Amino acid sequence: MQDITVNQFDSIWLIWDDDNAPPEGGWRTILWRSFNKNGEKVISMPQFIEDHADIIKKRYLAYIYSLGESNIRHTKLIDHLEIRPGFSYWWMTLLNEKCNVSKSLQIPDVLKVMALHLLSKKIPPSKVILISKNKTLKKTLYRWFKKEGIPFEWDYKYGENRAEAKHFILKKNILRCVYSILPCPLKAAISLLFYIIKRWPLRGEGLERLKNSKAFITFCSYFDNLDRISTENGRFFSYYWTVLSDFLNERKIHTCWIQIFIKDGLNPTAREAKAHIDNFNRNQDFQLHIPLDCAISLSTVLSILYDYIRICVKGLRMRGIREHFIEKDSGINFWFFLKDDWRASMYGQVAMSNCIFLNLFENVLRHLPEQNLGFYLQENQAWEMAYIYTWKRYGHKTLIAVPHSTVRYWDLRYFYDPGVYTQNDKNRMPLPDKVAVNGQVSLNMLREGGFPEARLVEVEALRYLHLAATSPMDNKPFRGHTNLLAVTDYNPEFTKKQIEWLRYVIQKTANIYYIIKPHPNCPVSKDELPFNNVEISYLPIERLLKTCDLVYAGPTTSAAVDAYCSGLPVICMIDGNSLNLSPLRNMQGVYFVRSADELLQVLSNCNSINTKKSPEPFFNIDPNIPLWKALIDQYVNAIPKQNH
């Protein structure tokens, strides 16, 4: 932890929001986006957040909770946004979703401002100088320090304008660039039109069969990540559920699968998805697959538009909402950081998307015969709130959420203020009856995060069962060099920085062969790393791990867990612009690097890297899935035999 000594240096703060080295002077330098420390007078805000992680995380969750509880004209914000009896639209907003992983990338800056306030209690500044092109940060700090009577200066000559960088990326696609500057309602209308056009081939698909379904267990899943060979042969095999679907078939248990269409290589359009669903239904006696979009119709579209207009009107009636974005204890107004999320949720594409999901789920689940048991993939996205509410509204029974991958400490979607779990109001947040966690790590993460322990149940990690047979450290041939597997990220900015660090270390190391595995949605060109000891590979991760000696992983990729569970040394990159989103945060034997120089230092001593892991297993990975079988048997055995 960084040692902070009050009055050791001048009380002037220089907040440095830039990747370059800050100037030295009679001030205390606060690095906004870097872990690097240049002397005693430098404080890294990313590191400060890590050192005070629990305090700052709980503070942000409490802030979002209090925002929903805000009293506006004698009524709570949550109640103002009631869109169905007992269901508040608040639970579907980006503010409640807190997706700092991809949708709400400004959240790390909010956390840094909260950390800055915590720091100000230890070292009160006499003056603050901000070097940044982040105008949102400038507006927020200016109003805070003005209120505190502290002189504030802003200089934007340095620093990368992240908004401009994003705009540059958008210029690669002129249509997206134009779309980004349209008014929110126009964006919403266009998104609905394109949604209908793209999904229209799925309308009515399987809806009549659904009404007469024999199923009493329903799965809600994404219709991607399918095994290609199995799909072409008419056999449903999803890498989200792997062997579980085969087990249910073998037991002759009738199941219904509500599939959310996701465009991918196997299903590039809705027509291909429809063909595959038809093929599954012809070849699977005990499975009924229906696309969620089967409920699209003219009446559904009218209901979607009606709900969207209602939400817009509710938003317009709360024009003074910005004053409720003030954090009570600090007096800091985070409106400038969070206003885009609010507006998108109330008037934009997000609002329209939420209305689409709510209406589609209503039209599907009201036709589904009463279900004794349901499962859905959990990431705590907005659609899940609509699904939970609608499931219970139409009288279906036990609903179990399944986090299909890892639960990361800084993935704020999985965490809420404790007050959320104790609410008794009619518009309280929809919760699943159980959450099926895939190992002790996720169990501890949710339990320590305040989720009710009585609702947690352990199962096997279906997506990671292949790790049970993986032992890449054994019987490796002597090659005379080290094979390093670099697994990049889906985030273009993270990937760009990861490649820059690699380019730097490749020129300074010897006897290392680099295999780059890009994320499918963020390709890497060989031109970016034009070296003889570099290759680009898209082979499955389990095959690549068997050929490598150590792994260098991007900030968020779950492939780091595959490597860790396989016994390989893992080096994880941390980006100061974000948080430590690695699923291996605080795991024993993992190397976290904060700069290209730190990466070089680790690779220069790669032969002596410690591979000691944490004693507890990361996942439950028994291929016989006894925990899953026991869980399902609890409900199957309670049902009369003629029903299954």
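The values are calculated or read from the model by the stated rules, or taken from the named source; none is laboratory data. Note that this is a predicted model, so its numbers are computed, not measured. All Cβ positions, glycine included, derive from the backbone under ideal geometry; neighbour counts span all protein chains shown. Remember, those area values only see protein heavy atoms, side chains included, never the ligands or the DNA or RNA. Shrake-Rupley method; radii C 1.70, N 1.55, O 1.52, S 1.80 Å.
What helices in the chain pass both tests, a Cα length along the helix axis of 18 Å or more and a mean Kyte hydropathy of 1.0 or higher, using whole DSSP H runs? Mind showing how you got there, number by number?
Working: long enough: 53-68 (23 Å, 0.24); 107-122 (23 Å, 0.69); 135-148 (20 Å, -1.48); 184-199 (22 Å, 1.11); 270-283 (20 Å, -1.49); 298-316 (27 Å, 1.18); 349-365 (24 Å, 1.05); 492-506 (21 Å, -0.50).
Helices meeting the span and hydropathy rule in the chain are 184-199, 298-316, 349-365.
The Cα center of segment 405-441 and the Cα center of segment 199-218 differ in position by 30 Å. Rounded if a/c is under 1.5, else prolate if a/b is larger than b/c, else oblate: which is segment 314-445, with a ≥ b ≥ c the root eigenvalues of its Cα gyration tensor? Oblate, because a/c is 1.5 or more while a/b does not exceed b/c.
Given R0 = 35 Å, the distance between the Cβ atoms of Asp633 and Ser66 translates into a calculated FRET efficiency of 0.25. In percent, rounded to a whole number, the relative contact order of the chain is 13, using alpha-carbon pairs under 8 Å and six or more apart. Shape verdict for the chain, please, from the Cα gyration tensor: rounded (a/c under 1.5), prolate (a/b greater than b/c) or oblate. Oblate.
Kindly state, to the nearest 0.05, the FRET efficiency for Asn233 paired with Arg428, given R0 = 51 Å and r defined as their beta-carbon distance.
Working: r = 46 Å, r/R0 = 0.90.
The value I calculate is 0.65.
Most tightly packed first, judged by the mean number of other beta-carbon atoms within 10 Å of their residues, the peptides 567-579, 491-503 read 567-579, 491-503.
Based on protein heavy atoms only, the chain ends up with 43 Å² per residue of surface accessible to a 1.4 Å probe.
At full extension, Asn225 and Cys522 could sit 105.3 nm farther apart than now, given 0.36 nm per residue minus the alpha carbon distance.
For the listed peptides 21-28, 112-119, a ranking on the average number of other beta carbons within 10 Å per residue, highest first, reads 112-119, 21-28. With Cα atoms defining each centre, segment 335-377 and segment 531-591 are spaced 34 Å apart in the structure. Placing pseudo-labels 7 Å out from each Cα toward the beta carbon at Val313 and Leu105 gives an inter-label distance of 3.7 nm. Only helices enter this figure: runs of n ≥ 4 DSSP H residues, each worth -39500 (n - 2.57), summed and divided by the residues of the chain, yield -11500 deg cm²/dmol at 222 nm to the nearest 500. Across every pair of non-identical alpha carbons in segment 432-577, the mean reciprocal distance, once inverted, gives a Kirkwood radius of 16.9 Å. The modelled label-to-label distance between Glu323 and Leu302, using points 7 Å beyond Cα along the C-beta direction, is 4.1 nm. Classify segment 369-460 from the C-alpha gyration tensor, please: rounded if a/c falls under 1.5, else prolate or oblate depending on whether a/b exceeds b/c. Cα axes put segment 369-460 in the oblate bin. A simple packing score, the average count of other Cβ atoms within 10 Å per residue, orders the peptides 591-598, 174-181, 397-404 as 397-404, 591-598, 174-181, with the highest score first. Between Leu456 and Ser537, the distance separating the two model label sites (each 7 Å from Cα on the Cα→Cβ line) works out to 3.7 nm.
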